Amino acid sequence: MSEKRTEISDLGEFGLIDHLNEKVIIKNSSTLKGIGDDAAVIEAGDMVKVVTTDLLIEGVHFDLSYAPLPHLGFKAVAVNVSDVAAMNAVPKQITVSIALSNRFSVEAIDALYEGIHAACEHYGVDLIGGDTTASRSGLVISVTAIGQAKPEQISYRSGAKENDILCVTGDLGAALVGLQILEREKEVFLANPEMKPDLGKYTLVTARQLKPDARVDIIHELREMEVVPTSMMDISDGLASEIFHICKASGVGATIYEDKLPIDKQTFDTAVELNLDPITCVMNGGEDYELLFTIDQKDFAKLEKHPDIHFIGHISKAEEGKFLVTKSGTAVQIKAQGWKHF
Ligand code: ADP
Ligand code: MG
């Protein structure tokens, strides 16, 4: 009799995480939140600590033929800091672990760490440890970030309630469009190494892909305005996928409006040039590292004038579903595509 074999692709990334979580039993009352949010939450005296980790693999998450090492170091920190911010916590410490082959020189590692140090400076975090080991070929970077907040400041994915307002920071879709440009220019270069890529027209979108900035600024501003989002997460897998996460965790539905979705002009124009639908880039792009959050209507007036927070829709009852209302007024069901890793 052959043994049962289930393909990872049958479960998908999130299905696999749910599957692993089924066997997890939390034993310590200090573990306030384990698997299932942007970061775990741990009791620490009067405060809580949040902890999150991410793994970046050469050839899967980055391509050194166009990602400069300092940018990569910065990004490895930023994506973790983004998950700390997504809990409405302030990042404080990171650990950095690397696996590398003899393909990398000390100078190359110095370049990577130049970016890591720049990010530590930018986000006000301390590098407090890590691990260094050998790899057969590619570079692997794993960063863990620790943040801090008062218990009542933490925003989980699960707190959205009917009539809350859905908000996003910044603009969306740029990192995906930037990746397409970098991939296109790489192909052109491989076909003809004499051709020097001219990325001048695409600086915003390529920078968003290579060196994203986590929105810790927004966390500080929310504190100043005394607003605690009812739910929050960062947008790493595309807006549609993240709306699904918030709705699932909170047991709610959502309606968003196409004409409210923030997209930069360069992202829009470049998407059109690449024959991509700009709204699809916004909904299903990846690696924006902006924040998606919900607020109680009573807090709307406090945020209304903020230049970088956009009110894209509202939370409804679960049975009302998840819809995008197009510019022509048609309600289209939202499908969570996100990134498929398997
Ligand atoms: P994010 O995109 O915000 O980084 P992920 O989708 O990577 O979040 O992870 C979702 C949740 O699953 C997090 O709580 C994360 O810690 C947890 N998780 C992911 N992979 C594993 C794993 N292999 N074992 C245990 N928990 C995991
Ligand atoms: Mg996240």
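The values are calculated or read from the model by the stated rules, or taken from the named source; none is laboratory data. Owing to the predicted nature of the structure, the values given are computational and were not obtained by experimental measurement. Note that we place each Cβ from the backbone using ideal geometry, even for glycine, and neighbour counts take in every protein chain shown. Note: accessible area is taken over every heavy atom of the protein model, side chains too, but ligands, DNA and RNA are not part of it. Shrake-Rupley method; radii C 1.70, N 1.55, O 1.52, S 1.80 Å.
The residue list 41, 96 contains one member that is in contact with a Ser or Thr (Cβ under 9 Å, 6 or more places away or on another chain) and more than 16 Å from ligand 1 (Cβ to nearest atom), which is 96.
Evaluate the following for residue 276: is it open to solvent by less than 10 Å² (accessible area, probe 1.4 Å) and closer than 18 Å to residue 326 by Cβ? Criteria not met by residue 276.
Applying the condition of being assigned to a loop (DSSP other than H, G, I, E, B), surrounded by 16 or more Cβ atoms within 10 Å (Cβ to Cβ) and polar (S, T, N, Q) to the stretch 130-164 and asking which residue is modelled with the lowest pLDDT yields 135. Just one residue in the set 67, 78 is within 16 Å of ligand 2 (Cβ to nearest atom) and either modelled with pLDDT under 95 or open to solvent by less than 40 Å² (accessible area, probe 1.4 Å) (or both); that residue is 78. If you check 43, 13 for being among the acidic types (Asp, Glu), farther than 21 Å from residue 129 by Cβ, open to solvent by 50 Å² or more (accessible area, probe 1.4 Å) and touching a Phe, Trp or Tyr at 6+ places or on another chain (Cβ under 8 Å), only one passes: 13.
Scan the strands (runs of 3 or more DSSP E) fully inside the stretch 257-342 and keep the ones with 1 or more residues being among the small types (Gly, Ala, Ser) and over 20 Å from the mean Cα position of the chain (by Cα). Those strands (runs of 3 or more DSSP E) span 309-317, 331-333.
With respect to (1) in contact with an Asp or Glu (Cβ under 9 Å, 6 or more places away or on another chain); (2) within 14 Å of ligand 1 (Cβ to nearest atom); (3) closer than 30 Å to residue 186 by Cβ; (4) not polar (S, T, N, Q), the lone exception for residue 63 is condition (2). In the stretch 172-223, the residue that is most open to solvent (accessible area, probe 1.4 Å) out of those that are modelled with pLDDT of 95 or more and not in a helix (DSSP H, G or I) is 211. Listed by position, the strands (runs of 3 or more DSSP E) inside the stretch 1-72 whose residues that are touching a residue at least 40 places away in the same chain (Cβ under 8 Å) and closer than 27 Å to residue 117 by Cβ number at least 1 are 40-44, 47-57.
Per-residue answers, yes or no, for (1) in contact with a helix residue (DSSP H, G or I) (Cβ under 8 Å, 6 or more places away or on another chain); (2) within 14 Å of ligand 2 (Cβ to nearest atom):
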site	(1), (2)
190	no, no
204	yes, no
215	yes, yes
235	yes, yes
253	yes, no
256	yes, no
268	yes, no
273	no, no
291	yes, yes
